[in-house]
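Notes follow the structure.
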Amino acid sequence: MTVDLFGEQRVHIPDNSPLEREANHILELVARDSSLLNGTTMGQIDRKLLLAVWKDNGMMSAAQTGDWATLEAWAMDTKRCIDPEVVGRARRWLLEHDQIRVPSVAVADAERQRQRIGKSLHPRVVGTRARR
């Protein structure tokens with residue numbers, strides 16, 4: 001992690017500026033409100049982060065107009081309405097590179113989910129033999 005001219009910590013992700021931009025945005029948001037990383041599942045944490053990113057990027061202003069066209073225009077602007085997948089990938093990168101910490105219960109739940117998905121992808125072969 002590096003420190004910019006304003007003293008803020010920044011991460012550098014080579015060859016992936018959109019992910020780097022969102023990872024740094026998440027770090028800024030978490031510095032302001034560490035409760036964004038509280039949750040019992042990674043899904044909860046990702047949804048909290050996503051809403052915080054969207055709110056910081058003007059979602060509330062667009063929604064408060066009460067005008068569907070204004071909100072739709074905000075949602076179609078990919079620079080302001082960041083894709084949920086990008087936010088999730090940025091959170092995963094920050095976690096994997098020890099830049100953020102989440103509750104151990106969320107980590108344990110994510111591991112259980114990973115194992116469950118892994119088991120469902122491997123077909124079980126019970127009591128069968130290859131025929132010759």
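A few points about this structure:
- On Cα atoms only, tilt of 84-96 relative to the major axis of the chain in degrees: 70 degrees
- Ascending count of other beta-carbon atoms within 10 Å, so fewest first, for H25, H12: H12, H25
- Residue-count net charge about E85 - beta-carbon cut-off 15 Å; Lys, Arg +1, Asp, Glu -1: +2
- Note on the stretch 7-64: with charges restricted to the Cβ of Lys and Arg (+1) and Asp and Glu (-1), its dipole about the Cα centre is near 200 debye.
- Within the same chain, aspartates and glutamates fewer than 8 places from K119 are excluded, and of the rest, those with a Cα less than 15 Å from its Cα are E111.
- Residues whose amide H comes within less than 5 Å of that of R10, counting only those at least five positions distant or on another chain, are T2, V3, D4 (H built at 1.01 Å from N in the peptide plane).
- Loop-located GluC sites (Glu not before Pro) in the stretch 11-53 (DSSP state not H, G, I, E or B) with no more than 16 neighbouring Cβ atoms inside 10 Å do not occur.
- Cα extents of the chain along the three principal axes, largest first (Å): 68, 40, 31
- Placing +1 on the Cβ of every Lys and Arg and -1 on the Cβ of every Asp and Glu, with nothing else charged, gives the chain a dipole about its Cα centre of roughly 1280 debye.
- Taking a straight line from the alpha carbon of K55, these aspartates and glutamates sit under 16 Å away, with near neighbours fewer than eight places off in the same chain left out: E22, E28, D33, D46, E72, D77, D83.
Since every read-out is calculated from the coordinates, none of them should be taken as a lab result. The model shown is predicted, which means the values in this text are computed figures rather than measured ones. Because the Cβ atoms are built from the backbone with ideal geometry, glycine has one as well, and the counts that use them run over all protein chains shown.
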